[in-house]
Amino acid sequence: LLTSSRTHEDFLQCLTLHSEKDKPISNIIYTPSNSSYSSALNSYVRNTRFSTPSTPKPEVIVTPLGVSHIQETLYCAQKHRIQVRVRSGGHDYEGLSFVSPKPFVILDMINLRNISIDVENNTAWVQSGATLGELYYWIANKSRTLGFPAGVCQTIGVGGHFSGGGYGTLLRKYGLAADNVLDAHLIDVKGRFLDRKSMGEDLFWAIGGGGGASFGVIVSWKIKLVPVPANVTVFTVRKGLEQNATKILHRWQYVAPNIDRDLFIRVILTGSGSVQYGNRSVQASFNSIYLGGKDKLIPLMQKSFPELGLVSEDCTEMSWIQSILYFAGFQNGQSLDVLLNRSLTINSYKAKSDYVRQPILEAALEGIWPSFFEKEAQSSVIILNPYGGRMSEISESAIPFPHRAGNIYKIQYLVYWSEEGTAATESHVSWIRRLYAYMAPYVSNSPREAYINYRDLDIGENNEGNTSYRQASIWGTKYFKNNFKRLVFVKTAIDPSNFFRNEQSIPPLSF
Ligand code: FDA
């Protein structure tokens, strides 16, 4: 404890000494002795699994107002050997942006959230502490026919999201957020402020899908905005097992990845009824957006997916920005201001991901349903996101995210719980691991691919000290396939001493 408090004092003294006179650092620092430390820490913890009394807490939270504050924090942290975790929106599934086993500082990007939209050139500069909701809001404020292909939850931070790929309902039409990044500003381990030109194409490539946390601090992104029609159509059609949900889901696997790229139909599988009262069943919700009107959608669905039985009454036409609210679970007609709301509390949860390359047989789908009847599954969900369209055209090595042609859809498994304590955590985590084990024969293998933005430490982690290429490639090839190698080369060039590290950061080669 003594060592840790000395480190923390030395670090703070260093920051005070090195901060610019006109930008004093003292009012952007939180230490455990500040009354606002807990709220500064917890407002951006999105998974209560990582806010227990035994969760390691940061020595200091720094909320920079500009580039110099980031540079000073990196300098002093290196000088006093304290780790830095960078947090933008705090949605990391394993809490890596705000928890570390070693003494650490959180560099929280919350104050760096400017967004400037250039409608003439269809581009925008977004600082990494901005949320997706803010980005969508300000795009819509300037134009109702421009959008951006990123995630569906409005509180996600662009800092982590774009650097891990970032997908949403436009992915079949325009690919991932990271496919639409044009430039970036980054501070490296030496404190240099770099843009795409000065960082070079290798580093620019690495931070757009390889996870920013291994390479430096991303300050902002320049993105390409994409055209969206003035009117889109949304629907959600729910089917229970007694309404042929399994058969329709089986058919969906052939349709959703191959249909017109203007149509995105994801499936949300949930348990319905109560485990406790023994009336549990399974529901498949076909949740969709079409980039056009009902008049075109209905004949398209009748031709390609008649099994779903979509009718005009199921469909609602709205602006693209309203569809963002629809997918985020808000009522139609809700004010767009909800997109600016940054609060989000989620119970404890654990998630995992898989990629599917061949349609899964009906009998194997049926084998999933009993998982929903177990007591740990009361609050659980499986989300199937179709690929195809633009996703299949982009090469596996264009950005570090490699899950392209050949993958028909991605699965996300989630389990939530509100009970406290390790027993509850263990039983829910072991439920999701059993489900994941059941799925093994039906999903990608060698490697069993996974999505880095759905961080999962079960698939492998680094040692606390040095980690070999071989050991890190256990998890690295699952997230990045062959791109892992290039990420290691970039890391070795930019951060050979491995200052920017976490449980799943890219290791440098040691010579
Ligand atoms: P956070 O701040 O926790 O950062 C995540 C990682 O990036 C950490 O390793 C962190 O250190 C690093 N990082 C953050 N900012 C950085 C910076 N400025 N420079 C360098 N490194 C930085 N995904 C998706 O693709 N589509 C979706 O629809 C959703 N939906 C969704 C809903 C909900 C409720 C959650 C909790 C998560 C999602 N996600 C998602 C996953 C999400 O994309 C993923 O967790 C992102 O990494 C979150 O980015 P944040 O900045 O919010 O997280």
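The values are calculated or read from the model by the stated rules, or taken from the named source; none is laboratory data. Just so it is clear, the structure is predicted and the values come from calculations on it, not from any experiment. Neighbour counts run over all protein chains shown; Cβ positions are idealised from the backbone, glycine included. Areas reflect the complete protein model, heavy atoms only, side chains present, ligands, DNA and RNA absent. Shrake-Rupley method; radii C 1.70, N 1.55, O 1.52, S 1.80 Å.
Of everything in segment 315-343, what is under 16 Å from G293 (Cβ atoms), of a type outside the set (D, E) and not in a helix (DSSP H, G or I)? Give them in sequence order.
Across segment 315-343, the qualifying residues are C315, T316, M318, S319.
Within segment 337-375, restricting attention to residues that are open to solvent by 20 Å² or more (accessible area, probe 1.4 Å) and charged (D, E, K, R), which residue is farthest from A440 (Cα to Cα)?
Filtering segment 337-375 for residues that are open to solvent by 20 Å² or more (accessible area, probe 1.4 Å) and charged (D, E, K, R), the one farthest from A440 (Cα to Cα) comes out as D337.
Can you tell me which residues in segment 296-345 are more than 16 Å from the ligand (Cβ to nearest atom) and basic (K, R)?
K296, K303
Any residue at all in segment 466-487 that's open to solvent by less than 50 Å² (accessible area, probe 1.4 Å), more than 17 Å from the chain's Cα centre (by Cα) and farther than 23 Å from N502 by Cα?
No, the conditions are met nowhere in segment 466-487.
Which of the residues belonging to segment 249-272 are open to solvent by 30 Å² or more (accessible area, probe 1.4 Å) and either of a type outside the set (D, E, K, R) or under 14 Å from L308 (Cα atoms) (or both)?
H250, R251, Y254, N258, I268, T270, S272
Restricting the search to segment 376-417, which residues are under 13 Å from I432 (Cα atoms), crowded, with 20+ Cβ neighbours inside 10 Å and among the polar types (S, T, N, Q)?
Result: S380, single match.
Kindly indicate whether any position in segment 405-413 is modelled with pLDDT of 95 or more, in a helix (DSSP H, G or I) and under 23 Å from the mean Cα position of the chain (by Cα).
Among the residues of segment 405-413, not one is modelled with pLDDT of 95 or more, in a helix (DSSP H, G or I) and under 23 Å from the mean Cα position of the chain (by Cα), which makes the answer no.
Would you check if there is a residue in segment 183-198 being away from the ligand (no atom under 12 Å from the Cβ), crowded, with 24+ Cβ neighbours inside 10 Å, at pLDDT 95 or above and closer than 27 Å to I321 by Cα?
no
Out of G160, G164, report the one residue that is open to solvent by less than 10 Å² (accessible area, probe 1.4 Å), within 11 Å of the ligand (Cβ to nearest atom) and not β-branched (V, I, T).
After ruling out the rest, the residue left standing is G164.
Which count do you get for residues in segment 85-102 that are touching a strand residue (DSSP E or B) at 6+ places or on another chain (Cβ under 7 Å) and either more than 9 Å from the ligand (Cβ to nearest atom) or free of Cβ contacts under 8 Å to residues at least 12 places away in the same chain (or both)?
2
On the given criteria, is S427 modelled with pLDDT of 95 or more and either open to solvent by 30 Å² or more (accessible area, probe 1.4 Å) or in contact with an Asp or Glu (Cβ under 8 Å, 6 or more places away or on another chain) (or both)?
Yes.
Across segment 237-271, which residue is nearest to Q358 (Cα to Cα) among those that are of a type outside the set (A, V, I, L, M) and in a strand (DSSP E or B)?
R266
Kindly indicate whether any position in segment 498-505 is away from the ligand (no atom under 16 Å from the Cβ), open to solvent by less than 10 Å² (accessible area, probe 1.4 Å), within 21 Å of the chain's Cα centre (by Cα) and not polar (S, T, N, Q).
The answer is no; no qualifying residue exists.
Quick one: in segment 209-220, of everything that is at negative phi and out of contact with any Ser or Thr (no Cβ under 7 Å at 6 or more places or on another chain), which residue is nearest to the ligand (Cβ to nearest atom)?
Filtering first and then ranking leaves V217.
Restricting to segment 229-248, name every residue that is open to solvent by 10 Å² or more (accessible area, probe 1.4 Å) and in contact with a Gly (Cβ under 7 Å, 6 or more places away or on another chain).
Hits for segment 229-248 are P229, N231.
Would you mind stating whether S51 is surrounded by fewer than 23 Cβ atoms within 10 Å (Cβ to Cβ), more than 15 Å from the ligand (Cβ to nearest atom) and free of Cβ contacts under 8 Å to residues at least 60 places away in the same chain?
Criteria not met by S51.
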